[in-house]
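Encoded as structure tokens, the structure appears first; notes follow it.
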Amino acid sequence: MDTFEPYVIKSFKHDGHLHRMWLTNWRVPPARLHPDHRQQEMMVFINSHTKIREADGKEWVSRIPGISFFIPRKWFNIVALIEENGIRYYCNIASPLYVTQQILTYIDYDLDVIRMPDRTVHIVDQEEYELHKRNYHYSSLVEDKVKEGLADVLALVNSDKPPFQDDVVMHYFELWEKHKNGGN
């Protein structure tokens, strides 16, 4: 596969209900991945102005491009959002990715780490995590994996190691733009 292919990304909650769905995400061909990303077997996706469907059926369209990074067996995924003032990294603490055909699924565990363009870091949605932990009766294994995912993201977020590299994010976006406009 040396061309961008469309995928659907579905995020679920622990109890199995759909949380959110991104309807069109273009997979960066493995042959075109940065060597560090290829070595980690990352799956990288690009979306821009994609339709997003919420659990209640409401739909909206994303306003800014996003480059999503999924690393096998990791309890997080990362979305680099290309904004006017720089790249904001939104890190979801989530189960490892499950792929079937061209549909990606994972369980969202509420906690998020956000790195702003000025490199400040925020952990958000801790109250939501605590509420869902009680309501959905997370096992000790899930709690341990969530803590591990959070620790892994926090260790990576300021390291400038993959995938926290603005130049590589922009390279993927430019590669996709070129492909979208008829180039290779």
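Some points to look at:
- Size of charge dipole - segment 57-184 - debye, nearest 20, with Cβ of Lys, Arg +1 and Asp, Glu -1, no other charges: 340
- Counting every C-alpha pair in segment 41-84, the share spaced more than 11 angstrom apart comes to 69%.
- The GluC sites (Glu not before Pro) of segment 107-184 include none that meets both criteria, a DSSP state outside H, G, I, E and B (loop) and at most 13 other C-beta atoms within 10 angstrom of the site's C-beta.
- Interchain or long-range residues, amide H under 5 Å from Lys74's placed H: Leu97
- Residues considered: Ile71, Ile93, Ile123. Largest GNM mean-square fluctuation over the chain, using C-alpha springs under 10 Å, is found at Ile123.
- Over 28 Å (Cα to Cα) - which of Lys58/Lys161; Lys13/Lys74; Lys51/Lys74; Lys51/Lys180; Lys74/Lys178; Lys58/Lys133 fall in this group: Lys58/Lys161; Lys74/Lys178
- At least 18 Å along the helix axis (C-alpha) and Kyte average at least 0.0, DSSP helices within the chain: 140-157
- Scaled to the globular estimate 2.2 N^0.38 Å, the Cα spread of the chain, given as radius of gyration, is 1.00.
- Dividing the summed -39500 (n - 2.57) terms of all DSSP H runs of n ≥ 4 by the residue count of the chain sets its mean residue ellipticity at 222 nm at -8000 deg cm²/dmol.
- Taking the DSSP beta bridges with both ends in the chain, the antiparallel portion is around 90 percent.
- Fewest-first ranking of Trp22, Trp60, using other Cβ atoms within 10 Å as the exposure measure: Trp60, Trp22
- GluC sites (Glu not before Pro) restricted to segment 45-107 and DSSP loop, no more than 10 other C-beta within 10 Å: Glu84
- Ranked Ser11, Ser140, Ser68, criterion: other C-beta atoms within 10 Å, fewest first: Ser140, Ser11, Ser68
- Along the axis of the charge dipole computed for segment 5-176 (Cβ charges of +1 for Lys and Arg, -1 for Asp and Glu, origin at the Cα centre), the listed residues Thr120, Gln101, Leu33 are led at the positive end by Gln101.
Coordinate-derived values only; no laboratory data. All of these numbers come straight from a predicted model, not from anything done at the bench. Please note: Cβ atoms are built from the backbone with ideal geometry, for glycine as well, and neighbour counts cover all protein chains shown.
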